[in-house]
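The values are calculated or read from the model by the stated rules, or taken from the named source; none is laboratory data. The structure displayed is predicted, hence computed values, not measured ones. All accessible areas refer to the heavy atoms of the entire protein, side chains included, with ligands and DNA or RNA removed. Shrake-Rupley method; radii C 1.70, N 1.55, O 1.52, S 1.80 Å.
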Amino acid sequence: MTGQKLRVLREFRNYSQEYIAEKLGITQNAYSRIENNQTKMTAERLGRLAIILNIPPMELLSDKEPILHFSDAAPFIPPKEDHWKEMIESTRHLYGQVIISKDERIAALENEVHTLRKERDRIIHLIEKLTSPGVMAAVAIS
C-alpha cells in the first residue's frame, strides 16, 4: 500500500489529514508520515483506515490503483472480529515467509563472500610465491 493511494482516497472523500488523524487517534503529523511512506502501518490501523475510507482493507493493501465508487452503494461493512484475526495471522505468516527468504539469501551471500575471500587469499599467496626473491632470480637466469 502506498501513501499516494491513501492520499487519493482521502481527498476523494474530501477528508483532511486532521480529520483522518483524529479518527485514528493520532496527530496530523503522524498521519502525514503514513501518507508519505515514512512509517509502517499496523494491521489494526489499516483496518480502521479501511472503515474510515469506506473501502475493503485488501484494496488498501493491493498494488492496483484504488477503485473510486461514485454511486450511493451501501457503505463497506467491516468483517467480524475473527476475520481481523485471520487477516493479522495471514499478514504475520506472509512477513515470516519474507524474513525466511531474506535470511536464506543473506546466508547464501555470506557463503559467497567466504568463498571469494578464500580465493583472494589463494591468489595473494600465489603472487607472493611468484614474486619471492628465489623465483625472481630463477626467472632472471633463464
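Measuring only protein heavy atoms, the 1.4 Å probe finds V98 accessible over about 70 Å². Counting only heavy atoms of the protein chains and using a 1.4 Å probe, E59 has close to 40 Å² of accessible surface. Rounded, prolate or oblate for region 15-57? Axes are the square roots of the Cα gyration tensor eigenvalues, ordered a ≥ b ≥ c, and the cut-off for rounded is a/c under 1.5. In terms of gyration-tensor shape, oblate.
Largest to smallest in accessible area, the residues S90, S16 fall in the order S90, S16 (1.4 Å probe, all protein chains included).
Each residue was assigned an accessible area with a 1.4 Å probe, and for S62 the value is about 30 Å².
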